[in-house]
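The values are calculated or read from the model by the stated rules, or taken from the named source; none is laboratory data. Not measured: the values here are computed from a predicted model. Counting neighbours? That spans all protein chains shown, and the Cβs are built from the backbone with ideal geometry, glycine included. Just the protein is used for accessible areas: all its heavy atoms, side chains included, with ligands, DNA and RNA removed. Shrake-Rupley method; radii C 1.70, N 1.55, O 1.52, S 1.80 Å.
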Amino acid sequence: MLFLDLFVEGLVQGSIYALIAIGLTLVYGLLRILHVAHAGMFTLGGYLSVWATNASGSFVLSLLAAALAAGVAGILVYRLCYRPILHRPPHVALIASIGLYVGMEELFRLFFGPYGMSHTDPPLSETVGFFSMRLKYAEIAIMAGAVALISALAVVVNKTRLGMAWRATVAEPQMALSCGINNDRIRDLIFFIGSALAALAGAMVALVNNYAEPTMGAVPAYKALAIIVLAGLGDVGGTLLAALALGVIESFGTIYLGKALDRDAIAFAFMIVVLMLRPRGIFGKG
Amino acid sequence: MTALLEARGICVSFDGVQALQEVNITVETGELVGLIGPNGAGKTTLLHVIAGIINPQRGDVFLDRRSLTGLSTDRRVLMGLGISRQLVRPFYSMSVRENVELAAGAAGMRNPLTALVRRNSRAERRQSARILALVGLEAFADKHPGDLPLGMRKRLEMAKCLAHKPRLLLLDEPLAGLPQTEARALADTIARLQNERSGIVVIEHNLGEVLRICSRMVVMDNGRCIKTGAPERVMADARVRAAYLGEGHAGTG
Amino acid sequence: MDYAASLLTVAGINIILALGLNLITGYCGQISLGHAAFYGMGAYCAALMAKAGWPFFAVLLPAMAVAGVLGIVVGFAALRVRHDFLAITTMGVGFLFLGIVRQQEWLGGEMGIYNIPGAGLDSTGYMLLTLGFAALAAALSAHIKRSWMGRVFNAIADDEDAALTAGVNVAGYKLAAFAIGTAMAGLAGALYAHGIRYVGPESFGFVDSVAILCMVVVGGVGSVPGVIAGALLLTLLPQLLQVVSDYRLLLYGGLLFLVTRFSPGGMAGMARAIAAAAGRPRAS
């Protein structure tokens, strides 16, 4: 049952990618910024949840705290970092964002120390049999959590005023700007939601690995960029599919391509091939 | 028949919506053709197909009987197309003179390696001085495009097209956004550009000026050419009136 | 003396790298987040050839050619995708390069390649040689900026579509920018391989691409003196101040962020602003 093992492992990894990438898509759709520093929120979430679980003993409470804190941090990033440079060419914000992220990694190292942080009593670490394999409860929680959160987000995007404003901005950026649909309050909310989702993803990864460390965001950060580019930038449904697909492709690729490419390069090989065939992504128009 | 431009059976669709359906258009040398029609009729799309900015699903474009199909925009420019798009887009980092010089030198500098060993540009300088005089911009040659009013930037756009000595000039709404006196002056400039060896196609909503300067009109509606002929005959046509004026389009100025 | 010489050698290599990226990103406006991959190509090529017994000067051209060819391939990608898509594609090229190198036995895998023969010069001589190449790179950059090629690059960076309708051979010039810029990175790689006498995958990662970009941005995108100053500052500062060295990445990240946020023209832009404020306008 190697096939099933790899497939499920891919889905678990893909759900994590999805949680990170969806925040990036939301931000990109609204502001056309490739928000690399988003991965800093992921790391922040990982650290905060481990720390809060150890301090309070409640994992659920720690998730709430991590999401809330990262959400507020996301708003601050928008207000202090992006808003002043929105009128500049888009690569300016991208470069600033890379700088911000690299700086954030170092700050985590300074603040939490270089060796990372673990749960004293890791929650959900029991395993359960599923066909031929054993899954940690934490892994099941990741998939269930991702499904629940992304479904909730789909409802938000499709049914609420916030979602309408976001979709309007993606479709007609100029119009949305001049009508005042794309305003600071909407942007604050989008940064809050996106950052909170990334923090939850970070918390879950810290849970599965029982480890939060300063550079845990690096690989997901760049892969999440690959994912939203694959999906065509600014497409929530496409992002979810691309994230899951990448998770699965990676887990098979590591077995079958492992000799030629390491795991992280598979994502980018896949992305480059797709972009050369469809320069605006799988689901992008034109 | 020696049509300067011939586009045959052009079909374009975006996301399943047919923007152009079997459009045919010819332009003879010495003609100044006004391309009119309501918004969304497909005028700009047709222009973009001729310019190579959009690739049609079907159909072919010939300039001087040479096929342009599949060529990139810059190649088409070198073969004799002059393209002035609706939104003026000068190079804001250069002066007006340098803008025109760059366009004038593009043909001789296809190969980057020749450009690497070339610094002086006397030929381009002379060429640009001549063209700037032609479009009435000589006084602004050392200004930056960002400091010019819209009317002057439109003239710059035209000067960049002329720098290649085009056989066929494609102008997309050159008068849009200009006050009437300036529009009139620019229309006169366009009429002066027309000569026996080249042709001009102009998309314009300012019907008064189009009627004044054009030798022939082509009317488009819903992705088709519905009528072509001398300006007064075309405007008298019932179908044209229904399609164009019947919609209450505010383009009679 | 040896320490100062090796430090200046590294500075010279970084100047060549930064000037190469400046050609692509500064002059031609094509963002690249994978410059270290071309640097690595040159370094690995030089390392293998030197190990096979090729003399130092015979290795330089092939190293430049290999990097330049990869650069042209990536340049073709730049013809397909633009802006954000290009940024991520070039970043992907960087990860792909490392991903491949790490898995190859014949490239030393994770361990890298040791005991590369030196250039046969003492450390001062090698420093002078490297700085000489850096000066050549600077002269070439300055020449390109004044040549017709520089003008066309400027037009493409300004507005690619307008350049097309002006009849500019945009594709050819983009490829030329990538070819020249990445060949310079290949040269830097060869100089690195012979200078350090070891190459390994950890020297050519995303962080290194960001560091090169940082030199360009901090120095002033498009300005030759600015980029040289940026490369010097970011090479020497961490070496001279131990405190800074511990937080090298924080410095890079912080500077990238602060400069783009507050002074997008970099040090060259600041110098111009100061000169203008002093009432004596100066060319960049």
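Look at the alpha carbon pairs under 8 Å that are at least 6 residues apart: their mean separation over the length of the range B:1-118 gives a relative contact order of 23 percent.
Of the peptides C:63-76, A:110-123, the order by per-residue mean of other Cβ atoms within 10 Å, starting with the highest, comes out as C:63-76, A:110-123. Working from label points 7 Å from Cα in the Cα-to-Cβ sense, the residue C:161 to residue A:155 distance is 4.1 nm. Our estimate of slack between residue B:122 and residue B:222, defined as 0.36 nm per intervening residue step minus the Cα-Cα distance, is 31.2 nm. Just check the range B:22-93 against the gyration tensor rule for me: Cα atoms, a ≥ b ≥ c as the square roots of the eigenvalues, rounded for a/c under 1.5, and otherwise prolate or oblate depending on whether a/b exceeds b/c. Taking the square roots of the gyration eigenvalues as a ≥ b ≥ c, the range B:22-93 is rounded.
Among C:125, C:186, C:205, the largest mean-square fluctuation in a Gaussian network model of chain C, built with springs joining Cα atoms closer than 10 Å, belongs to C:125. Each Cα pair under 8 Å and six or more residues apart adds its separation to the average, and for chain C the resulting relative contact order is 34 percent.
Using all pairs of distinct alpha-carbon atoms, the Kirkwood hydrodynamic radius of the range B:93-153 works out to 12.2 angstrom. Couplings for the range A:199-208, taken from phi via the Karplus curve 6.51 cos²θ - 1.76 cosθ + 1.60 with θ = phi - 60°, read 5, 5, 4, x, 4, 5, 5, 4, 6, 5 Hz in order; Gly and Pro are left as x. Dipole magnitude for the range A:149-286: computed about the Cα centre from +1 point charges on Lys and Arg Cβ and -1 point charges on Asp and Glu Cβ, it is near 360 debye. How large is Rg/Rh for the protein assembly as shown, to two decimals, with Cα atoms and a Kirkwood Rh? Rg divided by Rh gives 1.01.
In angstrom, the C-alpha Rg and Dmax of the range C:2-207 are 17.1, 55.
Close amide H contacts of residue B:216 (hydrogens built in the peptide plane, cut-off under 5 Å, sequence separation of 5 or more or a different chain): B:32, B:34. Looking at chain B alone, DSSP beta bridges between its own residues are antiparallel in about 55 percent of cases. A simple rule links phi to the HN-Hα coupling: the Karplus curve 6.51 cos²θ - 1.76 cosθ + 1.60 with θ = phi - 60°, which for the range C:151-160 gives 4, 5, 4, 4, 5, 5, 5, 5, 6, 5 Hz, with x for Gly and Pro.
Dipole size of chain A about its Cα centre, with +1 on Lys/Arg Cβ and -1 on Asp/Glu Cβ: approximately 900 debye, rounded to the nearest 20.
First check a/c for the range C:159-284, with a ≥ b ≥ c the square roots of the eigenvalues of its C-alpha gyration tensor; if it is under 1.5, answer rounded, and if not, answer prolate when a/b is larger than b/c or oblate otherwise. In terms of gyration-tensor shape, oblate. Only Cα pairs under 8 Å and 6+ residues apart enter the sum, and on that basis the relative contact order of the range A:81-172 stands at 10 percent. In this structure the protein assembly as shown gives 40 Å² per residue of accessible area when probed at 1.4 Å with all protein chains present.
Spacing of the modelled spin labels on residue A:219 and residue C:72, each 7 Å from Cα toward Cβ, amounts to 3.6 nm. Computed 3J(HN,Hα) for the range A:93-100, one whole-Hz value per residue from the Karplus formula 6.51 cos²θ - 1.76 cosθ + 1.60 where θ = phi - 60°, is 5, 4, 5, 4, 5, 4, x, 4, glycine and proline marked x.
Element breakdown for the protein assembly as shown at a 1.4 angstrom probe: carbon and sulfur atoms account for 62% of the accessible area. Calculate, for residue B:185 and residue B:8, the FRET efficiency according to 1/(1 + (r/R0)^6) with r their C-beta to C-beta distance and R0 35 Å; round to the nearest 0.05. Plugging the Cβ-Cβ distance into 1/(1 + (r/R0)^6) gives 0.45. Can you classify the range C:76-125 as rounded, prolate or oblate using the Cα gyration tensor, where a ≥ b ≥ c are the square roots of its eigenvalues, rounded means a/c under 1.5, and otherwise it's prolate if a/b beats b/c and oblate if not? Oblate, because a/c is 1.5 or more while a/b does not exceed b/c.
Per-residue ellipticity at 222 nm, computed for chain B from helices alone with -39500 (n - 2.57) per DSSP H run of at least four residues, works out to -9500 deg cm²/dmol. Charge dipole of the range C:2-207 (Cα centre as origin; +1 on each Lys and Arg Cβ, -1 on each Asp and Glu Cβ, all else neutral): 300 debye, rounded to the nearest 20.
Between residue B:64 and residue C:104, take the C-beta separation as r, use R0 = 56 Å, and let me know the FRET efficiency to the nearest 0.05. The pair residue B:64/residue C:104 has a calculated efficiency of 0.55. Solvent-free Debye calculation, one equal scatterer per alpha-carbon of the range B:139-194: log10 I(q)/I(0) at 0.23 Å⁻¹ equals -1.01.
Heavy atoms of chains C and A lose about 3400 Å² of accessible surface on contact, summed over both sides with a 1.4 Å probe. With K and R counted +1 and D and E -1, the other residues having a Cβ less than 15 Å from that of residue C:163 yield a net charge of +1. Our helix-only sum for chain C, with -39,500 (n - 2.57) per DSSP H run of n ≥ 4 divided by its residues, gives a mean residue ellipticity at 222 nm of -25000 deg cm²/dmol. Along the charge dipole of the range B:93-153, which of B:94, B:151, B:127 sits closest to the positive end, that is, farthest toward it, with unit charges on the beta carbon of Lys, Arg, Asp and Glu (+1, +1, -1, -1)? So the residue furthest toward the plus end is B:127. For residue A:164 and residue B:72, the FRET efficiency from 1/(1 + (r/R0)^6), where r spans their Cβ atoms and R0 equals 35 Å, is about 0.30. Counting, for every residue in B:95-105, the Cβ atoms of other protein chains within 10 Å of its Cβ and taking the mean gives 3. Within straight-line reach of residue C:174, meaning a Cα separation under 19 Å, sit the following lysines at least 8 residues removed in sequence or on another chain: C:145. Counting Lys +1, Arg +1, Asp -1, Glu -1, what net charge surrounds residue A:134 among other residues with beta carbon under 15 Å of its beta carbon? Surrounding charge for residue A:134 is -3.
The Cα-based radius of gyration and maximum Cα-Cα distance (Dmax) for chain A are 18.4, 57 Å.
Compute the signed sum of charges (Lys and Arg +1, Asp and Glu -1) over the other residues within less than 13 Å, Cβ to Cβ, of residue B:75. Net of charged neighbours comes to +2.
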